[in-house]
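Please read the structure below before turning to the comments.
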Amino acid sequence: QAPRIFEFDEKQHFNQYRAATLSLYPADVQVAFPVDKWLKASRAKKKLESGGFARPCPSLFPGDNGRHRQRAFRDALSDLLPAIHGFLPTLRIADFEVREWIDLPDARDRMRELLKERLKG
């Protein structure tokens, strides 16, 4: 079976820069996560994390929020390039999807269901 990229997206992956990249995805892009849900969460976020999460990242992403912009760019590459290189679609899980139940006794079953949903089709 072909390889697949798996990403766990914490809160810093959702912001205006990620919304900008997601909104440009072709309609037929194949990913194993709900792009509309990621876009909604990215657009809803109003305050960016500071400190190292926002540091400049020369040379491609200098200045304010460089790391946020770099992360959005790298996430887009992880989503768009797999098909070109024979990988299966990128699978993403967001922290907000699992936060409420990840420490509960049935977390394994819930994760199994979430993965089953993402991998169908």
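The values are calculated or read from the model by the stated rules, or taken from the named source; none is laboratory data. This one's a predicted model, so the numbers in the text were calculated from it and none came from an experiment. Surface areas here come from the heavy atoms of the whole protein model, side chains and all, with no ligands, DNA or RNA. Shrake-Rupley method; radii C 1.70, N 1.55, O 1.52, S 1.80 Å.
Points worth noting:
- Across the chain, the mean sequence separation of Cα contacts (distance under 8 Å, 6 or more residues apart), normalised by length, yields a relative contact order of 38 percent.
- For Phe14, residues with placed amide H under 5 Å, excluding near neighbours: none
- Rounded accessible area per residue of the stretch 17-56, 1.4 Å, Å²: 63
- Computed on the Cα atoms alone, the convex hull of the chain gives a volume of 123 cubic angstrom per residue.
- Backbone amide hydrogens, once placed in the peptide plane, bring Phe33 within less than 5 Å of Arg92, excluding anything fewer than 5 places away on its chain.
- Helical runs (DSSP H, four residues minimum) scored at -39500 (n - 2.57) apiece and divided by the length of the chain put the mean residue ellipticity at 222 nm at -12000 deg cm²/dmol.
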